Every structure is written in C-alpha cells, then in structure tokens.
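Below: one structure, written as structure tokens.
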Ligand SMILES: [Fe+2]
C-alpha cells in the first residue's frame, strides 16, 4: 500500500496555499478578481462538485489556475457502495468532473448522507469500528480503480483519491478511536488523506477529550496516532454555534467549551490557526501538497481578509514542509502498477451484512433517541448522551425543516392549510425517518425534500394535497431553470 501511495503522491505537484470554493457561492470569478485586487494569488482552487458543464466553464475561465476537485455524493463508508447509484452513476460523474477540471485529486468526506435507506441533509460520520474501516478501505480501492480506468479511457493522469476526516456534529459512534480508524483504512488502501483543522477541533469537543486535556496535548496525541504521512491536503474553515432553541444551553452557559460545529460561512477562530501551526510542525507530514481555506458561503470581503492573514502567517512554513517532503520522498521499493489496481473483497458477505445491520441501528439510535447502551460497538465515542440528544432534537429537525430551503418559504400555502388542520411540521420529521426507502437515482436533498413533503401531505392532510402538488411543481420548475445554463446550486456540508 505504502509504495503505491508514494508513487502516486510523488506524481503530484506541490500547490502551496489555496482556497476550497464553490462555483456560485460566492461567485468564483468575483472572488478571484477581489483576491487579485488585493494582490493575493492563490496557488490553487479546489472546486466543489456542481455540474460537469460548470466544471468545464470554470476550467475555461481560469486557464492558468491549478484546479482540484472536492467531490460529493460518493458514499464510500457504506456496505453497498459499488452496487449503488452512488457507486455507479455518482462515480462516473465524478470522473467526468475530474477530467473537466484536470484535477490531480478527488477529495471526499469519509462520511455519508445516505445509509440503510435513510437520507440526511448533512454528513454523518462512519461508525468508528474495525469492520467499518475495512469496508471503507475496500470501497476506496474500488473508487480509485474506477478513477484509474476512466483516466485511461480519457488519456489523462489518474487523480489520487483523498479521504477527508469528517467533522463530528455533536457526537460520534463506535469503539475505535478516530485516528486509529484512519490508520486502519490507510493500511488497507493506497489513498491520501485530508486533515481538516476545524473537524479536528470538533473531535476534541465531542469525544469529551476537552474534559481531560488541553487542545494542544489532544492534537499532539491525535497526530501521533493519525497517518500523517498520508496527508496530502489540509483544510481550515470556520466554526460556529448552531442556532439553538431558547430553552437549550448556549455558549454563554459554557464559554470554555462552545457548541461549535463545522460552518464554512463563519469566521475562522484564532484557535484553529494555532492548531494549524502545530500540525504543520509534525515530523511525519511529508506528503503535503496544499493547504486550503474552505470558503464556500462566506462573504468575499471576509475571505480576502482571512486569506491575507493566512498566507502572511503560513506561506513560508507551508513551502518549507513541502520542500522537506520532496527532499525526503523516496522512490517506492518496487514499482506499483497503477493500471492494474486489484480490488479484492476484504469483507465476507456475512461481515458486510452485519455492518449493514449496524448502520440500520445507527440510524435508529440517532433519529429516535433509542438507547445506545447495549448496542455494543455502537456506543458513543466519548462525549455525552446530552450531545447526541442535542443533535436529534435541535439539529436534525432544523436540517429537514430549514436546510436547503425552509419549508414554510417553499410551501407557504400548503403550510397554512396544515396549520389550519392542526398538523404540525414536526410530524414531517417523524414521517421522514418512519421507514427506509429505495435509493434515489441521484442524491439531491432539495428535490428529495419536495417529494417527501408531498408524500407527507398526502398522508396527513388530504385537503392540502392539491396545493402541495402545485407548489412542488413550481419549485421543481424553478430549480431546473436556476440550474441552467452552467450548473446546479449545490449545498455542501
Ligand atoms: Fe474540509
């Protein structure tokens, strides 16, 4: 594994300091122009998935800029990935977008928005167990093999698959420490990694490490276990407290341990730059190719200001880390043959089925509040049950009712009729998770929400069905129009 990784990593250029951006939010060309006016010239842009035509358009507009790809919708943590729509159509689309950008890598969160027939609006981390790490490694090898095969067809260099450690949104489940999980993944597949500093802070916060140690000692311990030699890219993004209900605990009640979660539109707390310093000084960080601020949904003025501070403070050390890495990079002991990457099943059918059952139980626990005690490997990964309850009772309903469009704004007339009939929107949250459903052709949370809401109205308030159907059609038409001519408006987590 190691020699194949080294060969692939050695083929990548060093890109230095950059930005991870969305095509539309904010407008990528306006952003590049504003940076240029401030005499800031990012070493690269990592572009979040949109449509393939949008990727071609960005490539044409920024001919001299190295562009890399932040994928979405590839559920490599899930047992059925290779046979799912995500593993077939999703992977083919990602390969087309890699080619359109001429990207050196394919980055994806090691997390999912769909599991065991249930859909979520934002990412859930994998179950942190050995079985799950092995499943992820097998699926990442499958993904890399597909990327290689497409690249051969297109006559281009294959992109390297990077797996990003996801954030914890109040909780994580499993019996295996997170850095150990990623070590097990990298021992079984030749992928690179993305280490996100804000995500790392959420691990400190929501595994309960904050009770025992300082951030500094936590980071030192974590990095010593984490496969730092596989880290190709580092991300830094904002953190913010999620809007909480008036009756819940707020940061004012816990000033030393804010309930921050990953929030790309929010400012970057000073603490994360301190953590970044510590990460950049780690001796096993020898494959680093880029460090990007993730800035989708952030105001351009804030991006320019933060990026200026970031390069002033870190550009020299990033260059030094990359130079040291290049000097130390050794040729692999034997030549890895990328063109014939063999994907061997690492799990038996029984193990795969067992993991699928665990993901069903995982959904059940996080959506219903069923007791995790007695679920064996599914226990909380540190942290407190109150924090899991916070996810279930505040974050999850908000995700379904507001994320990607507030239902009351999307369906004003229908919501009025539901209110008259005394049907509360909270019931929609229960209906959403009431049963598993067949996988969608293409995961799109906005369209999924429209379909599910119409179904909910059909079952709970027949008098409002006509209104729901009319409003749904209007939304679908507007969405289709908005997606032309160059791409769709994507929401990212
Ligand atoms: Fe990230």
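Each reported figure results from applying straightforward, stated rules to the coordinates on display, with no laboratory input. Predicted model, so just to flag it, every value in this text is computed and none were measured. In this analysis, Cβ positions are derived from the backbone assuming ideal geometry, glycine residues included, and neighbour counts consider all displayed protein chains.
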> Exposure proxy check: 411, 142 ranked by fewest other beta carbons within 10 Å?
Replying inline: 142, 411
> Can you give the angle from 0 to 90° between the axis of helix 197-206 and the longest principal axis of the chain, with both taken from C-alpha atoms, to the nearest 10?
Replying inline: 50
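Before anything else, pin down the relative contact order of region 2-340: Cα pairs under 8 Å, at least 6 apart, normalised by residue count, whole percent. If you can, show how the numbers build up before the last one.
Working: 615 pairs, mean separation 74.1, N = 339.
Taking the mean separation of contacting Cα pairs over the length of region 2-340, I get 22 percent.
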> From a point 7 Å beyond the Cα of residue 482 in the direction of its Cβ, which residues of region 431-445 have a backbone N at a distance under 19 Å?
Replying inline: 442-445
> With axes computed from alpha carbons, what is the tilt in degrees of helix 52-61 against the longest principal axis of the chain, rounded to the nearest 10 within 0 to 90?
Replying inline: 50
> Which angle between 0 and 90 degrees, to the nearest 10, do you get for helix 349-368 versus the longest principal axis of the chain when only C-alpha atoms count?
Replying inline: 50
> Once a ≥ b ≥ c are taken as the square roots of the eigenvalues of the Cα gyration tensor of the chain, is the result rounded (a/c under 1.5), prolate (a/b larger than b/c) or oblate (a/b not larger than b/c)?
Replying inline: rounded
>> Compute the distance from the alpha-carbon center of region 94-161 to that of region 204-242, in whole Å.
In response: 23
> Say each of residue 473 and residue 3 gets a label point 7 Å from the Cα, pointing the same way as Cα to Cβ; how far apart are those two points in nm?
Replying inline: 6.4
> Where does each of 348, 389 land when they are ranked from fewest to most other beta-carbon atoms within 10 angstrom?
Replying inline: 348, 389
